[in-house]
Ligand SMILES: C[S@@+](CC[C@H](N)C(=O)[O-])C[C@H]1O[C@@H](n2cnc3c(N)ncnc32)[C@H](O)[C@@H]1O
């Protein structure tokens, strides 16, 4: 009998961290002692985010879409502000907001990723494990809540900035998610949103609908692809009249879109 007959066979190799992800990770170099950095890196069987835990030591994140988001995440976006990060996963953006001066950060995730990580890579994660490991390493005060992003009103507070990265295309009701976030914004607050884009014309008021698994094999949670005009209209329906599309680009063969959606002042 094979030695690992009871182990779950990975169905897709875990991709190597790319040099570009390491450059993005260096934006919040943690600089922990090597022994602590290696312990944290090795404590989690699969990382989504690449963290620079010590000089030359990185968590091997599988995400491929980070660097271009950093342009809208300077200190002026966070300093002195309250920040909500929905779909935080390992928390790269929550910790970045804290590092860049946010006065309060709340990270929310329903840990849906546990299912698709198991389906794609045959790895069973403990929900929130990567987040907690980094939080411990940097003595973070970010509050982590296992919660559906549609329920953020239950937090009972308002935020100056809501980060909504990589999640709008993963919810069945994107209008409800935008409305939920709009409902917890402070006056003049803003949503920084990044999601799956579309190859439809930019002015097409349309949303692409994906078949289960056709964007990422065995990942059944990618439903939508958004064009700029489609996103503008969704924002307006959710009460966010000022939608600025900041960037549209192709990342690792996938269209992505980055936008700012602002509440009335
Ligand atoms: C592709 S990851 C993106 C992680 C991170 N925001 C980023 O962009 O680097 C999507 C995350 O959203 C979470 N998620 C999906 N649907 C959610 C929902 N309805 N409420 C809260 N989190 C959700 C998943 O569990 C996963 O952690």
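With a point put 7 Å past each Cα toward its Cβ, work out how far residue 29 is from residue 146 in nm, to one decimal.
Distance between label points: 3.6 nm.
In deg cm²/dmol and to the nearest 500, what is the mean residue ellipticity at 222 nm of the chain if only DSSP H runs of at least 4 residues count, each as -39500 (n - 2.57), divided by the residue total?
-7000 deg cm²/dmol
So for each of 154-161, 191-198, 96-103 I average, over its residues, the number of other beta carbons within 10 Å; can you give me the resulting order with the highest mean first?
Ranking, from highest mean packing down: 191-198, 96-103, 154-161.
Indicate, rounded to the nearest 5 percent, the antiparallel portion of the DSSP beta bridges found entirely in the range 64-262.
So the antiparallel bridges in the range 64-262 amount to around 50 percent.
Hey, fewest Cβ within 10 Å first, where do 257, 14, 30 land in order?
Listing 257, 14, 30 from fewest to most nearby Cβ atoms yields 14, 30, 257.
Got the relative contact order for the range 64-262 handy, in percent, Cα pairs under 8 Å and 6 or more residues apart?
Result for the range 64-262 is 19 percent.
Over the range 67-154, what is the mean sequence separation of C-alpha contacts under 8 Å (at least six apart), divided by residue count, expressed as relative contact order in percent?
Reported relative contact order: 30 percent.
For 16, 229, which order do you get if you count the other beta carbons within 10 Å of each Cβ and list the fewest first?
By the 10 Å Cβ count, ascending, the order reads 16, 229.
Order of 119-125, 73-79 by packing, highest average Cβ count within 10 Å first?
Highest to lowest by the protection proxy: 119-125, 73-79.
Sorted by packing (mean other beta-carbon atoms within 10 Å per residue), highest first, where do 166-175, 84-93 land?
84-93, 166-175
Every read-out reported here was derived from the displayed coordinates using simple, explicitly stated rules and does not represent laboratory data. Computed from a predicted structure; not experimentally measured. FYI the Cβ positions are ideal-geometry reconstructions off the backbone, even for glycines, and counts take in every protein chain you see.
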